[in-house]
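Read through the structure below, which is laid out as structure tokens, and then see the notes.
The values are calculated or read from the model by the stated rules, or taken from the named source; none is laboratory data. Since the structure is predicted, the reported quantities are computational estimates derived from the model, not experimental observations. Neighbour counts run over all protein chains shown; Cβ positions are idealised from the backbone, glycine included. Surface accessibility is based on the protein's heavy atoms, side chains included, excluding ligands, DNA and RNA. Shrake-Rupley method; radii C 1.70, N 1.55, O 1.52, S 1.80 Å.
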Amino acid sequence: MKKSLSVSLLASVLSVAAASAMSADATAWPAKTVQVIVPAGAGGDTDFNARTMAKYFEKITGKSMVITNMGGGGGTIATSQVKNAAPDGSTMLFGHTGQLIVNEVAGLADYGIDAFAISCIAGVDKGTVFVAGKKSGLKTVGDLVAKAKAQPGTVIYGTELGGYSHLQGLIFQNLAGVKLKIVDTGSASEKITSLLGGRIDLGAITFGAVKDYGTTGDMAVLAQFNGERNPLLGNIPTFKENGVNFVMEKPYIVAFPKGTDAAIVEKMASVMKQITEQPAYAKDLEQGFKQPVTYYGTKEALAHLQAVRTDFMQYKDLLRQKP
């Protein structure tokens, strides 16, 4: 009996020691360069946020991050790459709700946030706006709602079908009680070309990309998607100020392959928090994409993303059908 108890006690001690050693190894992370896979091309808002994070990550940890842009498949190529990577902390995803939630809602992927170890929300895009082309004659959200109600299906909204901006259009229709003509125009740059040419009337685009056109009068910036005004955008009203209770901010998500040691996941969240406390980081975000600093720790990030997923799932059938 005593021998059995001793063996059991020894096994327990060894188990605790092994767990402690693993935890120590994990909290020593990163020991080498971390690959960050971004499901978007270089130069856009997601890529900018990832590279800005990487710059300060190296300053804080002394280890570098290598950004790998992996577009295609609406982001599914990149998310699959991370999902199937070794859960050893060497591979990380930096994406947003478009790739990790909207793709699931749209049926482009058969997995979502539950397939990853979510570390944190590193930032939130608060610079996207509804913008109308000059030829549309639209100057305000009130103009848009009035025209779309008087002439249903005549206001042309350009988007990437099945993508994030498609969902933005669908939610706006629902909340404003209107019907738009939703067409596939492709990327943000293609939307801008179509707006300038009068081939579409309306689009959802990052403010920085259309700011100059708003100044020249070639476009009218109608509203921002934030719950409260982002003062970095200047005098642009929210949808709520225009009588449409529409808030759709886009979080940037840091995630690891499922099964990654929780200590690594938490360590990354801690490092990201330290990054957001750097005044120079805040200045970089402001100058880059008129983006204020925002951060959610692991638990808060998961709760927020689950709520967003539940909200978006209401539009599953609409997002999966062709307009």
Choice from 235, 49, 103 showing the highest fluctuation, given a GNM over the chain with Cα pairs closer than 10 Å: 235
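Using a probe radius of 1.4 Å on heavy atoms only, what accessible surface per residue do you get for the chain? Whole Å² is fine.
Values: 14530 Å² over 323 residues.
Ligands and nucleic acids excluded, the figure is 45 Å² per residue.
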Two decimals is fine: what is log10 I(q)/I(0) at q = 0.13, 0.16, 0.28 Å⁻¹ for region 155-204, from a Debye sum with one equal scatterer on every Cα and no solvent? -0.25, -0.38, -1.03
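Compute the whole-percent fraction of alpha carbon pairs in the chain spaced more than 23 Å apart.
Numbers: 31045 of 52003 pairs.
Percentage above 23 Å: 60.
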Distance from the Cα centre of region 247-285 to that of region 73-94, in angstrom? 16 Å
Would you mind telling me the share, in percent, of accessible area of the chain contributed by carbon and sulfur at probe 1.4 angstrom? 53 percent
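Which translational diffusion coefficient, to the nearest whole µm²/s, is obtained for region 174-225 from the Stokes-Einstein equation, given a Kirkwood hydrodynamic radius over C-alpha pairs, 20 °C and 1.002 mPa s?
Working: Rh = 12.0 Å.
It comes out at roughly 179 µm²/s.
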Need the full-extension length gain, residue 86 to residue 27, defined as separation in residues times 0.36 nm minus the C-alpha distance. One decimal, nm. 19.5 nm
Around residue 152 (Cβ within 12 Å, Cβ-to-Cβ, excluding residue 152; K/R +1, D/E -1) the net charge comes to +4
Region 232-289, Kirkwood Rh and Cα Rg, ratio Rg/Rh at 1.13
How much of residue 193 can a 1.4 Å solvent probe reach, expressed as accessible area in Å² and rounded to 10? 80 Å²
Stretch gain in nm, segment residue 216-residue 189, where the contour uses 0.36 nm per residue and the Cα spacing is subtracted: 7.9 nm
Using every alpha carbon pair in region 42-84, what percent of pairs falls into each 10 Å bin from 0 up to the bin containing the largest distance? 26, 45, 26, 2
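Given just the C-alpha atoms of region 121-175, how large is their convex hull per residue in cubic angstrom? If you can, show how the numbers build up before the last one.
Numbers: hull volume 6.4 nm³, N = 55.
Per residue, the Cα convex hull of region 121-175 comes to 116 Å³.
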Put 178, 66 in order of accessible area, largest first, probe 1.4 Å, and you get 66, 178
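Per residue, how big is the convex hull around the C-alpha atoms of region 88-210? Give it to me in cubic angstrom, could you?
Convex hull of Cα atoms, per residue: 125 Å³.
Averaged across orientations, what area in nm² does the convex hull of the alpha carbons in region 187-253 project? Mind dumping the intermediate values first?
Details: hull surface 21.0 nm².
Mean orientational projected area (region 187-253, Cα hull): 5.3 nm².
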For the chain, what is the charge dipole size about the Cα centre, in debye to the nearest 20, if Lys and Arg each add +1 at the Cβ and Asp and Glu each add -1 at the Cβ? 200 debye
